[in-house]
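Participant: Dumping the structure here so I can ask a few things about it.
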Amino acid sequence: MEALFSTVTGFLAASGLYLALRGRTFPVVVGLTLLSYAVNLFLFSTGGLTTNGAAVVGDDATRYADPLPQALVLTAIVIGFAMTAFSVILAMRVRGDLGSDQVNDQREESKEEKS
Amino acid sequence: MALPLIVLLPLLGSLVPLLGNNRQRNILTGMTALLPAIALGLVLIHVPDVLAGDVPRFAMHWVPQLGLDFALRLDGLSLLFLLLILGIGLLIILYARYYLSAEDSMPRFYSYMMLFMTSMIGIVMADNLLLLWVFWELTSLSSFLLIGYWYHQSEARRGARMALTVTGMGGLALLAGFLLIGDIVGTFDLQTVLDSRDLILADPRYLPALLLVLLGAFTKSAQFPFHFWLPHAMAAPTPVSAFLHSATMVKAGVFLLARMHPALAGSQLWLYIVTLTGLVTMIYAAYFALLKYDLKGVLAFSTVSHLGLITMLFGLDSKLAVVAGLFHIINHATFKAALFMSAGIIDHESGTRDIRKLSGLRHYMPVTAGLALLAAASMAGVPLLNGFLSKEMMLTETLDTGILGGLAWLIPVLATIGSLLSVAYSLRYVRNVFFGPKAEDLPQTPHEAPFFMRLPMMVLVALCIVIGLLPALSVTGLLDAAAQVTLLSPRPELHLAIWHGFNLPLLMSAVALAGGIGLYCVRRKLFSFHRQFPQRNALMNFEFNVRRVQTWTQTTIDRLENGSLQRYMLWLIVAVLFLTGSGLLDLTQLTGSEPTQPLDGLLIVGGVITILAGLGTAVLHRRRLVSLVMLSVVGLMVSLAFARFSAPDLALTQLAVEVVTVILLMLALFFLPQRTPKESTGARIVRDVLLAAGFGGIVTSLNYALLTRPLDSISGFFLDNSVSGGGGHNVVNVILVDFRGFDTLGEITVLCIAAIGIFKLLNRLRLFMPSSDSEGRPWSKDLHPMLLGTVSQTLLPLALLVSVFIFLRGHNEPGGGFIAGLVTAVALILLYIARGVDWAQARLSFHYQPIAVSGVTIATFTGLGSWLFGHNFLTSAFGHFAIPYIGEIELATAMLFDLGVYLTVVGATLMILANLGKLTTPHRPSKENDKEAL
């Protein structure tokens, strides 16, 4: 189970990173979202993988999942959403103002044009 | 309490001139002079005590954690300098009243002047190394303001910049030196440092500490090779030069040598570095002083030269040499201030400072001429004036030094040559300017300066004569007191007298006088000899070098930061791969000791779907909509994974966020190209795939290594205390709103800021609204499907009810503010989608910004509320209450905090999505709508 879980995390991270290395804004935003899923899974798993042990204190419960990584990941999910939203709106604004959705600075190209 | 007043009164005094104006010159001058005069009075009150050997002190903690105390002392050395700073400072205030023209802002001038005076007083009175350094930097800054006082002149600006750069860099070196010394001694308290010479000298860090401190002193005192800033600081108004370069700024450097003498001197290193630097500076600058045509240029180089002389005396290994150095500090201050004032008067009255144009001025201004003659004679070391006495002492001390072994004779010979040059340029200053035929073609016809402009000069020249004639009566006590602080062991007997009988120093003095006059007579040959050398302009060189450094750094920056996000990502990933990979290499084996858990079919299916969807997102990224659908599959699978591994809160949150994210990305995609063009080269793709595979491999290994190792968590505390301490059974929620409430407060603040940032980014965004999709099919006109509309409207109250339910039970069961907020937001967004922005806008006529902000406010005030009850920020309280028909429920202040979270999430999410949605309608945010919205 641990091997499968970490393999999934690794594949998500790899796919996210590949997208984050693209040259257009939208794939980069999607890639960052994918990366944040991978990071959340990874962070979550630092508390161990527990089955049937939600961290709700009760009389009959015998074991609990580690609540601390869960609390961290919960805030990370919301912050991740804010980050995705901000970067995608920034991408729109860049397209509106500069007319391009490339992630690289246009300086380089204008330099090349001049030379 | 008088001690801090000596510093604080002039500091207060820097504000006083700002109350006056240029029209009431006399009142302004009086006002400005009042506070430093009181400070001088306070100093004078202490004179008997200090001369008797007392050291009044004052100490107050400032930043005790750093060892920085506001500690002041008034010992003999401080007293000597305080009298110079305040005494000459007051004379300068009077002189400047007549020097400044109607266009110059007098309040500004006096204000800078007082600020500078304060920082000098602080340096000489500081009883803590760090405090001394603070005032040291303040002199650099305030002298920058003074030198650049005529900021409309390019010369002044550049001169000020150069002075600040050089002395500022020296200041940083000094700080480093002080920190080292503080580290060696263990405190920054001045007295302790001065008493620990043996400790400091024995430490291996002595060499760097000494070099750094000397770097600070030499840059400030314009010692070779850092002398070049001083002549360019002459672009300042002459009263500034008279103050900065006689009694204060440059004297701070030699003051530092005297102050640190007990702690740092006594080694061969000190002896050689300080003595030789001083000697070289003395001769080098004296030679250039002889060549300058500008009156202030002559004085500037002669200042450098005399500072070299003082530095050399502090370097020599005899006790009387140090006394001679202190004595020369007084003498140089008096005659040099007078000479600068004479240069200012000449400039003021005749309109030029060029020695080649000036001639015969004694006919126009006999009094000034007489005063300047006496001051210059003192500078040349003519008997019966104070300059003669200290020069004799200097020559005497150079004779019996142990430096340079068999070549020790070089020192007195070079010292005599320095004196000889000094005689020559003093003579040139007086003879060429005041004697000879009357100059006719001057810009203005000169006449005598007003009496009160000459008065400061008279006072200073009178001092030169009194000290020169009656040294034993006038300064012995003061010198004795200062020497007592500067020298550790019993101080030498002082015999200040004009006549010591016929001896070698007298002969050297005579040689210098005669030789100087001779050199003056053949000066034209010297000038033509010097013309063979290429002229160098220190300012141009300096600025050239500064620009070269700038170009170099800019090139480096451009190379590292070329504006390509892809390149930055590459560096980042390579660094991650390297650091994490090297960490993994240290493991003996990947699998840890913990037993692994068994797999089941459902898990395998889920894992495979997640992997395929993740890969699909990446592989199909050119078809953006498909990629997005794949992404949402990943999100849903992640949510299921959370549910499977006992994290119901996370599963709910992830599910809600997933919905919101996908709606957001689809809306954004409407305005962005539907497809990504194919532009990556094959090599680039291979490179990125390899990088991604490497990264994925490392993440997998790391995760697996982590999962198979024993877990040691602090969570036991939270599980044990959740019910008793936080009043909730859902530990995750209790952590969020109680144990780690401060983190959550920070997080919702970030969320709110991001939403406001997005709101502003969308403001007046001009985007082309496509009328068809990427394949040319026009968008459907059927905007609001009836079925969806009906369902969403029906769902809304239900969804709101569910969110209330989730919110209320959050403390004890999975749920809480975050999830409830997201559910509410999704329900409202569904309404927007089903009915369109216009319809929804008309019915939801409230703004989301206030909601988000009020959420953060409620959460903050809930936290602050606990202060009222004397608890720490965000301490929660709870209790059980019985409500009729519903039964007993529990209410906690954490719930109020959770309400803040709820409101922030609803407000922020809708602020983002509703505003983005508005872009698709004619109600696109514009300037007009914006006003309305606010």
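The values are calculated or read from the model by the stated rules, or taken from the named source; none is laboratory data. As the structure is a computational prediction, the values presented were derived from the model and not from experiment. Here the Cβ positions follow ideal geometry from the backbone for every residue, glycine too, while neighbour counts run over all protein chains shown. To get the accessible areas, we keep the full protein, side chains included, count just its heavy atoms, and leave off ligands, DNA and RNA. Shrake-Rupley method; radii C 1.70, N 1.55, O 1.52, S 1.80 Å.
Participant: Has the range A:59-69 got any residue that is aliphatic (A, V, I, L, M) and touching a residue at least 60 places away in the same chain (Cβ under 8 Å)?
Facilitator: No: the range A:59-69 contains no residue that is aliphatic (A, V, I, L, M) and touching a residue at least 60 places away in the same chain (Cβ under 8 Å).
Participant: Next question, about the same structure. Which condition does B:Ile557 not pass, out of (1) within 14 Å of another protein chain (Cβ to nearest Cβ); (2) open to solvent by 100 Å² or more (accessible area, probe 1.4 Å), if it passes all the others?
Facilitator: (2)
Participant: Restricting to helices (runs of 4 or more DSSP H) lying wholly in the range B:415-487: which have 1 or more residues that are among the hydroxyl-bearing types (Ser, Thr, Tyr) and open to solvent by less than 10 Å² (accessible area, probe 1.4 Å)?
Facilitator: The qualifying helices (runs of 4 or more DSSP H) are B:476-486.
Participant: Among the numbered conditions (1) more than 14 Å from chain A (Cβ to nearest Cβ); (2) open to solvent by less than 60 Å² (accessible area, probe 1.4 Å); (3) at pLDDT below 70, tell me where B:Ala892 comes up short.
Facilitator: (3)
Participant: Could you tell me whether any residue of the range A:47-66 is over 19 Å from B:Ser722 (Cβ atoms), modelled with pLDDT of 90 or more, in contact with a helix residue (DSSP H, G or I) (Cβ under 9 Å, 6 or more places away or on another chain) and not in a helix (DSSP H, G or I)?
Facilitator: Scanning the range A:47-66, I find no residue that is over 19 Å from B:Ser722 (Cβ atoms), modelled with pLDDT of 90 or more, in contact with a helix residue (DSSP H, G or I) (Cβ under 9 Å, 6 or more places away or on another chain) and not in a helix (DSSP H, G or I), so the answer is no.
Participant: State all residues of the range B:296-331 that are under 33 Å from the mean Cα position of the chain (by Cα) and β-branched (Val, Ile, Thr); if no residue qualifies, say none.
Facilitator: Across the range B:296-331, the qualifying residues are B:Thr303, B:Val304, B:Ile310, B:Thr311, B:Ile329.
Participant: Moving to a separate point now. Those residues that are of a type in the set (A, V, I, L, M, F, W, C), part of a helix (DSSP H, G or I) and either in contact (Cβ under 8 Å) with a residue 12 or more places away in the chain or within 9 Å of chain A (Cβ to nearest Cβ) (or both), I need them from the range B:660-684; list them, please.
Facilitator: Across the range B:660-684, the qualifying residues are B:Val660, B:Val662, B:Ile663, B:Leu664, B:Leu665, B:Met666, B:Leu667, B:Ala668, B:Leu669, B:Phe670, B:Phe671.
Participant: Which of the following residues is at negative phi, in a loop (DSSP other than H, G, I, E, B), of a type outside the set (Gly, Ala, Ser) and crowded, with 20+ Cβ neighbours inside 10 Å: B:Tyr149, B:Tyr98, B:Tyr112?
Facilitator: B:Tyr149
Participant: A follow-up question, please. Anything in the range B:560-569 that is open to solvent by less than 40 Å² (accessible area, probe 1.4 Å) and assigned to a helix (DSSP H, G or I)? List them, or say none.
Facilitator: B:Gln566, B:Met569
Participant: Under 7 Å by Cβ, and 6 or more places apart or on different chains, what pairs join a residue from the range B:838-853 that is aromatic (Phe, Trp, Tyr) with one that is modelled with pLDDT of 80 or more?
Facilitator: These pairs meet every condition: B:Tyr848/B:Gly907; B:Tyr848/B:Leu910; B:Tyr848/B:Met911; B:Tyr848/B:Ala914.
Participant: Which of the following residues is in contact with a helix residue (DSSP H, G or I) (Cβ under 9 Å, 6 or more places away or on another chain), away from chain A (no Cβ under 13 Å) and touching a residue at least 12 places away in the same chain (Cβ under 8 Å): B:His729, B:His784?
Facilitator: When all the criteria are applied, what remains is B:His784.
Participant: Here's a follow-up. Please list, ordered by residue number, the helices (runs of 4 or more DSSP H) wholly in the range B:712-794 having 1 or more residues that are at pLDDT 80 or above, open to solvent by less than 10 Å² (accessible area, probe 1.4 Å) and out of contact with any Asp or Glu (no Cβ under 9 Å at 6 or more places or on another chain).
Facilitator: So the answer is B:731-734, B:741-762.
Participant: Determine, yes or no, whether B:Gly606 is closer than 30 Å to B:Gly816 by Cβ, in contact (Cβ under 8 Å) with a residue 24 or more places away in the chain, touching an Asp or Glu at 6+ places or on another chain (Cβ under 8 Å) and at the interface with chain A (Cβ under 10 Å from one of its Cβ atoms).
Facilitator: Against the criterion (closer than 30 Å to B:Gly816 by Cβ, in contact (Cβ under 8 Å) with a residue 24 or more places away in the chain, touching an Asp or Glu at 6+ places or on another chain (Cβ under 8 Å) and at the interface with chain A (Cβ under 10 Å from one of its Cβ atoms)), B:Gly606 does not qualify.
Participant: Further question on the same structure: Here are the criteria: (1) hydrophobic (A, V, I, L, M, F, W, C); (2) surrounded by 15 or more Cβ atoms within 10 Å (Cβ to Cβ); (3) in a loop (DSSP other than H, G, I, E, B). Tell me which single one B:Val633 does not satisfy.
Facilitator: (3)
Participant: Check whether at least one residue in the range B:572-584 is surrounded by 15 or more Cβ atoms within 10 Å (Cβ to Cβ) and facing chain A (nearest Cβ under 9 Å), and report yes or no.
Facilitator: Within the range B:572-584 (the criterion being surrounded by 15 or more Cβ atoms within 10 Å (Cβ to Cβ) and facing chain A (nearest Cβ under 9 Å)), the answer is yes, since at least one residue qualifies.
Participant: Hey, could you check the range A:30-61 for residues that are at the interface with chain B (Cβ under 7 Å from one of its Cβ atoms) and β-branched (Val, Ile, Thr) and say which is nearest to the chain's Cα centre (by Cα)?
Facilitator: Only one residue tops the list, namely A:Thr33.
Participant: If you don't mind, another one. Starting from residues that are closer than 23 Å to B:Glu594 by Cα and open to solvent by less than 30 Å² (accessible area, probe 1.4 Å), keep the ones in the range A:62-86 and report whichever is farthest from the other protein chains (Cβ to nearest Cβ).
Facilitator: Checked the range A:62-86; the qualifying residue farthest from the other protein chains (Cβ to nearest Cβ) is A:Pro69.
Participant: Can you name the residue in the range B:701-711 that is facing chain A (nearest Cβ under 7 Å) and at pLDDT 85 or above and, of all such residues, is most open to solvent (accessible area, probe 1.4 Å)?
Facilitator: Across the range B:701-711, the extreme among qualifying residues is B:Leu706.
Participant: So, one more: From the list B:Arg73, B:Arg57, pick out the single residue that is open to solvent by 20 Å² or more (accessible area, probe 1.4 Å), charged (D, E, K, R) and in contact with a helix residue (DSSP H, G or I) (Cβ under 8 Å, 6 or more places away or on another chain).
Facilitator: The match here is B:Arg57.
Participant: Taking the range B:625-659 as the region of interest, how many residues are over 23 Å from B:Arg809 (Cα atoms), at the interface with chain A (Cβ under 7 Å from one of its Cβ atoms) and among the polar types (S, T, N, Q)?
Facilitator: Count: 1.
Participant: Let me ask another. Could you list all residues from the range B:186-213 that are open to solvent by less than 30 Å² (accessible area, probe 1.4 Å) and among the β-branched types (Val, Ile, Thr)?
Facilitator: B:Val193, B:Ile200, B:Val213
Participant: Okay, moving on. Answer with yes or no whether B:Gly516 is surrounded by 14 or more Cβ atoms within 10 Å (Cβ to Cβ), in a helix (DSSP H, G or I) and either of a type in the set (Gly, Ala, Ser) or within 14 Å of chain A (Cβ to nearest Cβ) (or both).
Facilitator: Criteria met by B:Gly516.
Participant: Could you tell me whether B:Ala692 is more than 8 Å from every other protein chain (Cβ to nearest Cβ) and modelled with pLDDT of 90 or more?
Facilitator: Considered against the rule, which asks whether it is more than 8 Å from every other protein chain (Cβ to nearest Cβ) and modelled with pLDDT of 90 or more, B:Ala692 comes out as no.
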